[in-house]
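Readers should treat all values here as calculations from the given coordinates under stated rules, not as data from a laboratory. Every value quoted in this text rests on a predicted model; they were computed, and no experiment measured them. Here the Cβ positions follow ideal geometry from the backbone for every residue, glycine too, while neighbour counts run over all protein chains shown.
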Amino acid sequence: MGVSFNSRKKMWFCLGAVVLLVFLFPSVYVWGVDDLYEERDELEEQIEQIDQELEEAFVQENELENEIKDLEREIEETEARIQELNREIEETEAEIQETEQELEEAEEELAYQEELLTKRLRAMQKRGNASFLEVLFNSTSFGEFLTRFNDLRTIADNDIEMMEKVAKERDRIASMKEELEDTKAGLEEMQQETVERRDALEDQRASLEDRKADLAQQIEENERLAQEMDEKLHEIEQQIVIEGGGYDGGPIRWPVDSKTISSPFGYRTHPITGRTSFHGGIDIPVHAPVYAAEGGEVTHTGYGETRGNYIRIYHGNDLATRYLHLSEIDVSTGDTVVRGDTIGYTGTTGSSTGIHLHFDVYDYSRPPVRDYVPGDRRHDPEEYLE
């Protein structure tokens, strides 16, 4: 059945109206895409800001971990010092007890000597001086007289000397006891100061642990926001018309003329922060031109504190690639590229320890590698490279 004249007339009228609108108001048809580009740029800036905050947070977290480790070592040393002081106090107390025993014995000896001397003096007093004279003058010779006289004087001298000796020993022991008690008091004071220092260190460690927990929560929240923004970015990329054709699912080419990987995809010790973190791409250490791994549209070019100069290309069919730390960028946002086009040059801009290319592959058709980070659709580039 043919189309009636009236129907053909209406069709041509509508087509002419559309052509007229495009001719008179071309901005009506590009405004939507321009708006998407603007929204995409804002998202990229927000993601970059969050990435920078995350990088700074990782550095702070690493510093906090090191501070906590230092404090823990200091606390252990302080605890060891406390135990050492406890042993010294116990040893000093044992010495004091021993000295008290010696002092008690010396006091008893001195009392005994004093008692002997007192008894001897009382006996002399009762017998009177005549008894001494009798002892002396009953001598049969002058030699015997001198001998008896010397013997009596020796006895008196020995008694006095013994008392003086015992008294000196008693005084020495008493002085030693006083010194030991002073030592013990000093040790107890040091122990108290060390305990207070340990308590202060533990309070400081608890404060750092609280800061670390708050920082970990902040990192988790920022990572979640970054991944939500990345999902939104992909939605925008899908709405932007890809003029260079779509990704056909086959292997993509290496982005540089080198297949040496210095840091693979997955968890690693971060070369700058020293923290164990997820590496979402591969690092290729080479000083060389960078090529588009597949045809598509350059959806963003820019600079970030952590990424340096970077390029993102959307290839269609839920696949995108990203190129970081470039020394130069040879394409602009909105450009259409084909596989193998030169898009820039490797470098060490941003957070980098040397000249290399960090290469990411985003595949939104596959589930995330990490279940607990559902918005991160980065996958191992080696699974896609030819």
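Quick notes on this structure:
- Cα shape, the stretch 241-386, gyration tensor, a/c 1.5 rule: oblate
- Computed FRET value (nearest 0.05) for residue 192 with residue 77, which takes r as the C-beta separation and R₀ as 22 Å: 0.80
- Residues in the stretch 182-192 carry Karplus couplings, in order, of 5, 4, 4, 4, x, 5, 5, 5, 4, 4, 4 Hz; the curve used is 6.51 cos²θ - 1.76 cosθ + 1.60 with θ = phi - 60°, and Gly or Pro positions show x.
- FRET efficiency for residue 87 and residue 200, using Cβ-Cβ distance with R0 set to 25 Å, rounded to 0.05: 0.60
- Phi angles of the stretch 248-257 translate, via the Karplus equation with coefficients 6.51, -1.76, 1.60 and θ = phi - 60°, into HN-Hα couplings of 9, x, x, x, 9, 7, 5, x, 9, 7 Hz per residue; Gly and Pro are given as x.
- Considering only 57, 83, 103, the residue lying farthest towards the positive end of the dipole of the stretch 46-120 is 103, judged by Cα position with unit charges set on Cβ.
- Contour minus Cα-Cα distance for residue 327 and residue 38 (0.36 nm per residue): 101.5 nm
- When 363, 341 are arranged by Cβ crowding within 10 Å, least crowded first, meaning fewest neighbours, the order is 341, 363.
- Residue exposure proxy: 373, 290, ordered by other Cβ atoms within 10 angstrom of their Cβ from fewest to most, comes out as 373, 290.
- Candidate aspartates and glutamates for bridging to residue 184, where Cα separation is under 17 Å - those fewer than 8 sequence places away on the same chain excluded: 84, 88, 90, 91, 93, 95, 98, 100, 193
- Inter-part distance where the stretch 310-386 and the stretch 208-229 are each reduced to a Cα centre, Å: 25 Å
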